Amino acid sequence: MGHQPSLFSLEDPSLLEEGRIVLKKVFGYNDFRGPQADIVAHASGGGDCLVLMPTGGGKSLCYQIPGLIREGVTVVISPLISLMQDQVQTLNELGLKARAYNSSLSAKEKRQTEEELLSGELKFLYLAPERLMTSSCQRLLEEVDLKGGLGLFAIDEAHCVSKWGHDFRPEYRKLAFLARVYPHVPRMALTATADKFTRADIIRELKLEKARVFMGSFDRPNLTYGLTKRVRQGSEQLIKFLEGREEECGIIYCLSRRKVEETALFLQQKGFHALPYHAGLETQVRARHQEEFLQSEGMIMVATIAFGMGIDKPNVRYVVHMDLPKNIENYYQETGRAGRDGLPADVQLFYGARDVVILKQMMRKNAKGSGRFHFESENLEGMMAFAQSTVCRRVGILQSFDEDYRGPCGQCDNCLDGSSEKDTYFSGRDWAVKLLVLYYKSQILQSPQDVCDLARGVISQKVREKKWYELENFGFLMDITEKGVMYFIRQLMAAHFFKMDWGKGGLLQLTPLALEFLKSEQEFFVRENPAHVHKKSKSTSTKKSTKKKTSKKKATASAKKATKKKVTRKASPPAPVVGLSDDAQELYQFLKELRRKESKKRRIPAFKVFHDQTLREMAERRPESEEELLELYGVGEAKLKKYGRTFLKEISEFCEIL
């Protein structure tokens, strides 16, 4: 199942056909999704590429299938050990030889991996960029290359290379050496989150100027978005959201370790099966909680953002944020962990003004240089404006990734809100038109603060030099506070009438959406009247808390309570599965229990035996032979060999009883 790259052109149709065979035989899927087919054909033929696809869009297959078609090992560069381990376990379950080469290995395991690599046994080797940059690892790869054993380099989470990316890691920038040292080995960079500035950075830093760019839609049509202003700590709102979801798996993100522990304990006291996860817990505790989450059919993981990357659990039915994420990219990536199986899922954010204050304090403390702080601070303000916006959520998200989506989507709080809610909004069309025209007539790119000064009639040195005070509508908002005008400007940015150009130092540009708005009669609403924004309410006061900081000892005790607390909530019977016939409902639940037993026996997550969609098809179609089983979603030859006989036998016996 391999070819020398020199024998095939990038356009060879036989590569795509072989890719389809591998797709079905190994992975059990009947056809490619989105741009997968073109990516597989291009990379299998030896072409470099940049792949941008949403979480759950099937990025891994884009390098795994070419890795099986091409001769040699595919070296996958990944930022996290958990991410590597999950991928390796998945490939091993499919009967493929894959290993992770990282600090978690013992000396014996390290030697064994090196021997398998040099002998040509391995098809996939996962390692971190730090490991790749060591002299010993580079000597190892050089030796493999001399034997013609390098087939492909896959650089996962490629946005880490960009200073504009939300997970910037300087080590990723050193990966440019691959183009120089191994020009004959194709490279594929993959990411789920990257706007045009980040994409340009990836291409430049990884020397992918001649690479083909493949971009799928970032839309996740199965997700329903909700963003709500938090009331106090949000506890009552959270419980209301969780009602009826006791049998579903979900993730709840909190900003601090303390809040993670308090929220997990609170949910346990309410009878939910919830466990905490954060970097302050002991390694064994984190591993145990993660394992339980992966195995569970109805559990809540309450976590900091330390949890999630590398967790390829397909049946997460909801993701809740109890605090504001740092930016829209983080929000998109974290919410993307819901509904990876393509079935309906909900994502909910509870936000408050205090979140911005706390996050900026953290950013100021950790940022390397004022430029980085300014960048992160502006992205945070953009996230807050998005949360407060009345515009379709999908427009806000997808336009952030330069995807031309207009909405309404019909699957977010803003699209679903009734007219009674909108009656409380402030109609800002007149202000929006005047401000956009004022900016246009200034004939120069400006920062948000400059635009605010124009609207408020501030006579700065630049205003005098450019004579902007002569422009019509200069100072038309002079009676509104600076805070109120900035709120309105950020709402225009959230509607994507303005786009911030970080390539030009964070200056604003008018977008095609703004020009369309000016030519139309379209209304523009904002949630609050900007004239009232400066007035602080008790709920948004930023006075210092009088509570004493929780000691490390108390925090640890709280974590132990959250870890040991028994679940007392009475589990409701499983809800009927939407789209499944009445006859199939009982068999589906029976098959889920069988899958749980098989996963426990093999000590792997249940979804790595079969996905829910596979069980649904089994319940509906009731296969009687291995040939019929192979026709189902996600059933390849390796899974057929491991589980086929057991599941066919149980299905047959179940049907006989009926």
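The values are calculated or read from the model by the stated rules, or taken from the named source; none is laboratory data. These numbers come from a predicted model, not from an experiment. Cβ coordinates were reconstructed from backbone atoms using ideal geometry, including for glycine residues, and neighbour counts include every protein chain displayed. Accessible surface is based on the protein model in full, side chains and every heavy atom, while ligands, DNA and RNA are left aside. Shrake-Rupley method; radii C 1.70, N 1.55, O 1.52, S 1.80 Å.
Values for this structure:
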{"quantity": "Set R354, R372: member being farther than 17 Å from G506 by Cβ and of a type in the set (K, R)", "calculated": "R354"}
{"quantity": "Unique residue being outside any helix (DSSP H, G or I), farther than 30 Å from H289 by Cα and either at pLDDT below 95 or open to solvent by 50 Å² or more (accessible area, probe 1.4 Å) (or both) when the list is E624, E650, E628", "calculated": "E624"}
{"quantity": "P448, sole failed condition from (1) at pLDDT below 95; (2) of a type outside the set (S, T, Y); (3) open to solvent by less than 60 Å² (accessible area, probe 1.4 Å); (4) within 24 Å of E521 (Cα to Cα)", "calculated": "(4)"}
{"quantity": "Residues of the range 50-63 classified as over 11 Å from the mean Cα position of the chain (by Cα) and either farther than 17 Å from R187 by Cβ or open to solvent by 10 Å² or more (accessible area, probe 1.4 Å) (or both), total", "calculated": "4"}
{"quantity": "Residue check, V463 assigned to a helix (DSSP H, G or I), modelled with pLDDT of 90 or more, surrounded by 13 or more Cβ atoms within 10 Å (Cβ to Cβ) and among the hydrophobic types (A, V, I, L, M, F, W, C)", "calculated": "no"}
{"quantity": "Residue match in the range 416-424 (condition: at pLDDT below 95, part of a helix (DSSP H, G or I) and touching a helix residue (DSSP H, G or I) at 6+ places or on another chain (Cβ under 6 Å))", "calculated": "no"}
{"quantity": "Unmet requirement for T193, which otherwise passes all of (1) open to solvent by less than 50 Å² (accessible area, probe 1.4 Å); (2) out of contact with any helix residue (DSSP H, G or I) (no Cβ under 6 Å at 6 or more places or on another chain)", "calculated": "(2)"}
{"quantity": "Residue match in the range 502-509 (condition: of a type outside the set (S, T, Y), out of contact with any Asp or Glu (no Cβ under 9 Å at 6 or more places or on another chain), at negative phi and open to solvent by 30 Å² or more (accessible area, probe 1.4 Å))", "calculated": "yes"}
{"quantity": "So E93, is it open to solvent by 20 Å² or more (accessible area, probe 1.4 Å), in contact (Cβ under 8 Å) with a residue 24 or more places away in the chain and in contact with a His (Cβ under 7 Å, 6 or more places away or on another chain)", "calculated": "no"}
{"quantity": "Residue within the range 581-597 that is assigned to a helix (DSSP H, G or I) and at pLDDT below 85 present", "calculated": "yes"}
{"quantity": "Any chance A287 is closer than 30 Å to M500 by Cα and of a type in the set (A, V, I, L, M)", "calculated": "no"}
{"quantity": "In the range 201-239, residue farthest from the chain's Cα centre (by Cα) [restricted to those that are part of a helix (DSSP H, G or I) and in contact (Cβ under 8 Å) with a residue 60 or more places away in the chain]", "calculated": "Q237"}
{"quantity": "Index of the failed condition, C160 passing every other in (1) open to solvent by 20 Å² or more (accessible area, probe 1.4 Å); (2) closer than 30 Å to K326 by Cα", "calculated": "(1)"}
{"quantity": "Filter result for the condition that a residue is among the β-branched types (V, I, T), surrounded by fewer than 16 Cβ atoms within 10 Å (Cβ to Cβ), in contact (Cβ under 8 Å) with a residue 12 or more places away in the chain and closer than 28 Å to I239 by Cβ, over V357, V347, V433", "calculated": "V357"}
{"quantity": "Residue list for the range 390-437, restricted to those being small (G, A, S) and more than 18 Å from S217 (Cβ to Cβ)", "calculated": "G418, S419, S420, S427, G428, A432"}
{"quantity": "Any chance F266 is surrounded by 15 or more Cβ atoms within 10 Å (Cβ to Cβ), in contact (Cβ under 8 Å) with a residue 40 or more places away in the chain and among the aromatic types (F, W, Y)", "calculated": "no"}
{"quantity": "Positions within the range 340-394 being touching an Asp or Glu at 6+ places or on another chain (Cβ under 6 Å) and acidic (D, E), in sequence order", "calculated": "D341, D355"}
{"quantity": "Where a residue in the range 479-493 is among the acidic types (D, E) and its partner, wherever it lies, is part of a helix (DSSP H, G or I), with Cβ under 8 Å and at least six apart", "calculated": "D479/A531; E482/C452; E482/R456"}
{"quantity": "Test: residue in the range 270-279 that is open to solvent by 40 Å² or more (accessible area, probe 1.4 Å), hydrophobic (A, V, I, L, M, F, W, C) and within 30 Å of H496 (Cα to Cα)", "calculated": "no"}
{"quantity": "Failed item, numbered, when I251 is tested on (1) assigned to a helix (DSSP H, G or I); (2) in contact with a Lys or Arg (Cβ under 7 Å, 6 or more places away or on another chain)", "calculated": "(1)"}
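Let's see how each residue does on (1) farther than 27 Å from L68 by Cα; (2) open to solvent by 40 Å² or more (accessible area, probe 1.4 Å):
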{"site": "E143", "(1), (2)": "no, yes"}
{"site": "D156", "(1), (2)": "no, no"}
{"site": "F168", "(1), (2)": "yes, yes"}
{"site": "R180", "(1), (2)": "no, yes"}
{"site": "H184", "(1), (2)": "no, yes"}
{"site": "M215", "(1), (2)": "no, yes"}
{"site": "G234", "(1), (2)": "yes, no"}
{"site": "I252", "(1), (2)": "yes, no"}
{"site": "L255", "(1), (2)": "yes, yes"}
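Every residue, every condition in (1) in contact with a helix residue (DSSP H, G or I) (Cβ under 8 Å, 6 or more places away or on another chain); (2) of a type in the set (A, V, I, L, M, F, W, C), yes or no:
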site: A100; (1), (2): yes, yes
site: S104; (1), (2): yes, no
site: T113; (1), (2): no, no
site: L118; (1), (2): yes, yes
site: K123; (1), (2): yes, no
site: Y126; (1), (2): yes, no
site: P129; (1), (2): yes, no
site: M133; (1), (2): yes, yes
site: C137; (1), (2): yes, yes
